[in-house]
Amino acid sequence: MGITVRPLLPLLLPLLVTCATANPLPLEIVPGKAVLVAQPDADGRKVWHTRYFQIDSDVALRPNDLLRLAQVADTTATAVKAHPLPLFAPPEDGRPRIAIHARSSTYTEEGGVHGTAGMYVARKALVLVLGEYLVRSPDAARSRLAPRNDEDLVVHEIVHLCMHRTNAGLPQWLVEGLAEYFACAHAGAGRFSFGNMDQQVREHLRTRLSPDDPGIPLVPAADLIPLDGPGWLRYLKDLPTDERYQAYAMSLLLAHQQLHGGKARIDALRGALESPRSNRRPVVLIDPAAAAATQESLVRYWRPKGLSLEFSKGR
Ligand SMILES: [Zn+2]
C-alpha cells in the first residue's frame, strides 16, 4: 500500500548524495493505490480528498481520469518531499486545493490567466486546471497537447503548490526551473525517475522545442536571471506565444545546473532554502554580471550530450 520509494545507490548521483543528510534522493518513485475520498458537494462543485490535496471540480470527470489525477498529484508531493533539499513546504492551512474548471470564465475569475491551461495562484495557495486538458475526449485533435504533456503541466503546477512557503524571495528562474525539473523526471501516471536526468532533460526539451533538429532555441540567461515573480509574468507576456516555453526551458537548464553543477552551487541553494522565510531578502544565486559566462558553460555542457543551445538576442 502507499507510495513506494526506492533509495538511490550513493554512487549514482554523488553531487546530490554529498549534500543529502538522512534522506537521499530516490532513484524512482512509483505510485501506489490511489487515495480518493468523496466529500459533500460545496457550492455546486464535486469535492474529493486525496492523500495530500483537495480536488474540486465542476467537470464530469471519468473515474479513471480522476484516479489518475489523484495519483499524479500525490506522487508529485511525495517526490518533492523526498528531495534531499528542503523544498517541500505546502500551505499550512488545511489541504492544498486543486480546482478544475469547465469554463474559462470561472477559471479566470479564480485567478487563471487567459490562454493558460493550468496555473498556480500564489495568493490563494491553489492550483487551477482547465478541465478540457484533463478529459480525454474521443476527438483527440481538440486537445493541443498529448496526454503526457497535460500531466506534466499538472506536475509543474503542483510543485509550485508544494513549495508554497519555500518560493518567497527565490529567483523566478529557480522556481520555474525546479517545477519543470520535476515535470522532466515525471514519466507519466505519477511515476518519477531521477536516475538519468541529463537524458530526461534532453528528451524533454527536444520534444517541446525541436523534435527534428539538435538546435534548441532559448531566451538568453541575462533576460531571466534578474526576474522576480511579477517580472517573470511581464516578460512572458511580451514574448510571442510560441516562444514562451523557451523561458521555461532556459529556467530548467539553470535549475539543473544549480542542482547538478558542483558543491558550491548546491551549497548556495541549500543555504538560500534554509534561510528564515519571514524576512527573506531576494536570493541571488547567479550574479547578473555572470549571465554570459553561465550561458557559455551551459552551451559547453550540453553540446556533447546532444543539445545545441541557440540563444535569441533577448529583450
Ligand atoms: Zn510555473
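The values are calculated or read from the model by the stated rules, or taken from the named source; none is laboratory data. Remember, predicted model here, so these are calculated numbers, not experimental data. When we count neighbours, we look across all protein chains shown, and the Cβ atoms used for this are built from the backbone with ideal geometry, even at glycine.
List of remarks:
- A Cβ distance below 7 Å, combined with a sequence gap of six or more or placement on separate chains, defines the contacts here; from the stretch 72-97, residues that are crowded, with 20+ Cβ neighbours inside 10 Å reach residues that are of a type in the set (Asp, Glu) in the pairs 72/151.
- Only one entry in 224, 161, 236 is within 16 Å of the ligand (Cβ to nearest atom), within 29 Å of residue 281 (Cβ to Cβ), modelled with pLDDT under 95 and hydrophobic (A, V, I, L, M, F, W, C), namely 236.
- Taking every residue in the stretch 238-250 that is under 16 Å from residue 310 (Cα atoms) and pairing it with any residue that is modelled with pLDDT of 95 or more and of a type in the set (Asp, Glu), at least 6 positions away or on another chain, the pairs with Cβ-Cβ distances below 8 Å are 247/176; 247/223; 248/176; 248/180; 249/180.
- Scanning the stretch 201-220 finds one or more residues that are in contact with a Cys (Cβ under 7 Å, 6 or more places away or on another chain) and away from the ligand (no atom under 16 Å from the Cβ).
- Considering the conditions (1) within 16 Å of the ligand (Cβ to nearest atom); (2) farther than 30 Å from residue 270 by Cα, residue 102 is excluded by exactly one of them, (1).
- Unmet criterion (only one of (1) over 21 Å from residue 176 (Cβ atoms); (2) exposed (fewer than 14 other Cβ atoms within 10 Å of the Cβ); (3) at pLDDT 85 or above) for residue 139: (3)
- Residues located in the stretch 48-80, provided they are at pLDDT 90 or above and of a type in the set (D, E, K, R): 51, 56, 58, 68, 74
- Residues satisfying the stated conditions in the stretch 105-122, i.e. away from the ligand (no atom under 15 Å from the Cβ) and either surrounded by 16 or more Cβ atoms within 10 Å (Cβ to Cβ) or at pLDDT 90 or above (or both): 105, 106, 107, 108, 109, 110
- Selection status of residue 284, touching a residue at least 12 places away in the same chain (Cβ under 8 Å), of a type in the set (Val, Ile, Thr) and within 16 Å of the ligand (Cβ to nearest atom): no
- The sole residue among 37, 47, 135 that is over 24 Å from residue 204 (Cβ atoms) and in contact (Cβ under 8 Å) with a residue 60 or more places away in the chain is 135.
- If the condition is being farther than 19 Å from residue 90 by Cβ and either surrounded by fewer than 18 Cβ atoms within 10 Å (Cβ to Cβ) or acidic (Asp, Glu) (or both), then the stretch 40-60 contributes 40, 41, 42, 43, 44, 45, 58, 60.
- Evaluated against (1) modelled with pLDDT under 90; (2) on the phi < 0 side of the Ramachandran plot, residue 94 falls short on exactly one condition, (2).
- Residues of the stretch 164-175 satisfying the condition of being within 10 Å of the ligand (Cβ to nearest atom) and more than 21 Å from residue 78 (Cβ to Cβ): 172
- Checking residue 196 against (1) more than 14 Å from the ligand (Cβ to nearest atom); (2) touching a residue at least 12 places away in the same chain (Cβ under 8 Å), the condition it does not meet: (2)
- The stretch 177-250 holds helices (runs of 4 or more DSSP H) entirely within its bounds, and those carrying 3 or more residues that are surrounded by fewer than 23 Cβ atoms within 10 Å (Cβ to Cβ) map to 197-209, 229-238.
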